[in-house]
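Have a look at the structure below, then the notes.
The values are calculated or read from the model by the stated rules, or taken from the named source; none is laboratory data. Quick caveat, the model's predicted, so the values are computed rather than measured. Ideal geometry is used to build each Cβ from the backbone, glycine not excepted, and the neighbour counts take in all protein chains shown. The protein model used for the area step is the full one, side chains on, heavy atoms only, and it has no ligands, DNA or RNA in it. Shrake-Rupley method; radii C 1.70, N 1.55, O 1.52, S 1.80 Å.
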Amino acid sequence: MKKRLLILEDGTVFTGTAFGSERASQGEVVFTTGMTGYQETISDPSFYGQIVTLTYPLIGNYGINRDDFESITPAIRGFVVRELAKTPSNFRCDLTVDEYLTSKDIPGIEGIDTRKLTRIIRSKGSVKAILTAADEEVNVDEVVAKLQATPAITHHVREVSPKAAYPSPGRGKRVVLIDYGMKHGILRELNKRDCDVLVVPYNTSAEEILAWHPDGIMLSNGPGNPEDVVEGIETVRNLIGKVPMFGICLGHQIFSLACGARSFKLPFGHRGGNHPVKDLRTGRTDLTSQNHGYAIDIDSLKDTDLEVTHIALNDGTCEGVRHKKYPIFTVQYHPEASPGPEDSNHLFDEFIEMMEVEAGKGKQHA
């Protein structure tokens, strides 16, 4: 088995066994705490540009199947595990993780101390790193200097958003889904409710969206810093008050920025399927699936038309907002799960009900 190095920008070096692609790869190292759902994690566009570490010690035991993808083309830069299952056992299994990552040209490393790596990220924040072959030609000092000199990736969304609009037909409510790096679980939930969906790129104008006469607008998840999505913020600002909206993850952040709020980078982000979130309206606490490195500053909401509806019980950060005047609500977490608990799946029903109420008002005025 070939050896591989994971070199961090602080000079820490982990030596493990290579799997997946043989190429070297550089990215931001993050960790996620889900016990299952590694296939959805690998294919989640919100991980664009990142080397993903799984804190659960055994990964790959049920393989890769045809049903659980969240995108067609994975956007991760690398995959880090403690132990990789070589002989998965599941009736849906089509490929091993090794075979899948090899086919997608994504390198992986196993056999390292993922607990130590997670502690480094938790104490120092997300760090840049490189996965490379363990050979005599590797000069660690030169690699570290290169990592420290490399600027962070920006404008993630334009790399994962579609280049053109496409339909996902239904006979129910007409929804425009703005795709900032959408997990397909969101589209599946809308399709299950028979929505007639048009998926559009992140830089689609408000005029183009309104020309389709939607009953509602969905703002999807996506990777990176919301402040980089200038076109998206402007579009959402021009849509406020025109049609009901529901935002998820990056969509929540873009909507909040469009209303005058501020965002900030979390030290190491929220990633996993076990994050408790409290609904301030009902007092109910849901376990949620999360994957984000930025959050909305609660104090910056005071001078806006937004009110906080949900908070994270782990660190008190903002997990949801609602517009005080218009039928718009957003959440930071993933109600479509994929992977993770489905405690908050009811939010899609609330979105449908909100569109029906607004459609009823329109008929009364007519």
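Here are the numbers for this structure:
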| item | result |
| --- | --- |
| Stokes-Einstein D for region 116-155, Kirkwood Rh over Cα pairs, 37 °C, 0.692 mPa s (µm²/s) | 275 µm²/s |
| Amide H within-cut-off set for residue 197, under 5 Å, with H built and near neighbours excluded | 168, 170, 175 |
| Interchain or long-range residues, amide H under 5 Å from residue 133's placed H | 5 |
| Kirkwood Rh, angstrom, region 70-229 [1 / mean 1/r, Cα pairs] | 19.3 Å |
| Using θ = phi - 60° and Karplus 6.51 cos²θ - 1.76 cosθ + 1.60, couplings along region 342-358 (whole Hz; Gly, Pro as x) | 9, 4, 9, 4, 4, 5, 5, 5, 4, 5, 4, 4, 4, 5, 5, 4, 5 |
| Surface/4 of the Cα convex hull for region 47-98, nm² | 3.8 nm² |
| Accessible surface, region 18-58, averaged per residue in Å² (probe 1.4 Å) | 28 Å² |
| Distance between modelled label sites at residue 150 and residue 116, nm, 7 Å Cα→Cβ extension | 2.2 nm |
| The chain, accessible surface, carbon-and-sulfur percent (1.4 angstrom probe) | 48 percent |
| Contact order relative to length of region 266-366, as percent, for alpha carbon pairs under 8 angstrom and 6 or more apart | 24 percent |
| Compactness of region 100-185 as Cα Rg over 2.2 N^0.38 Å, two decimals | 1.65 |
| Full-extension gain in nm, residue 67 to residue 304, via 0.36 nm per residue minus C-alpha separation | 81.2 nm |
| Region 131-164: GluC sites (Glu not before Pro) in DSSP loop, at most 15 other beta carbons within 10 Å | 136, 137 |
| Of all DSSP beta bridges in the chain, antiparallel share, percent nearest 5 | 60 percent |
| Residue-normalised accessible area of region 158-308, given per residue in Å² at a 1.4 Å probe | 40 Å² |
| Where region 63-112 is the region considered: accessible area per residue in Å², 1.4 Å probe | 49 Å² |
| Label-point gap, in nm, between residue 356 and residue 105 - each point 7 angstrom along Cα→Cβ | 4.8 nm |
| Folded to 0 to 90 degrees: helix 140-149 orientation relative to the chain principal axis, Cα | 20 degrees |
| Residue 234 versus residue 210: modelled label distance in nm, points set 7 Å from Cα along the beta carbon direction | 1.6 nm |
| Separation of alpha-carbon centers, region 134-151 and region 189-227, rounded to whole Å | 42 Å |
| Cα centroid of region 1-36 to Cα centroid of region 287-349, whole Å | 32 Å |
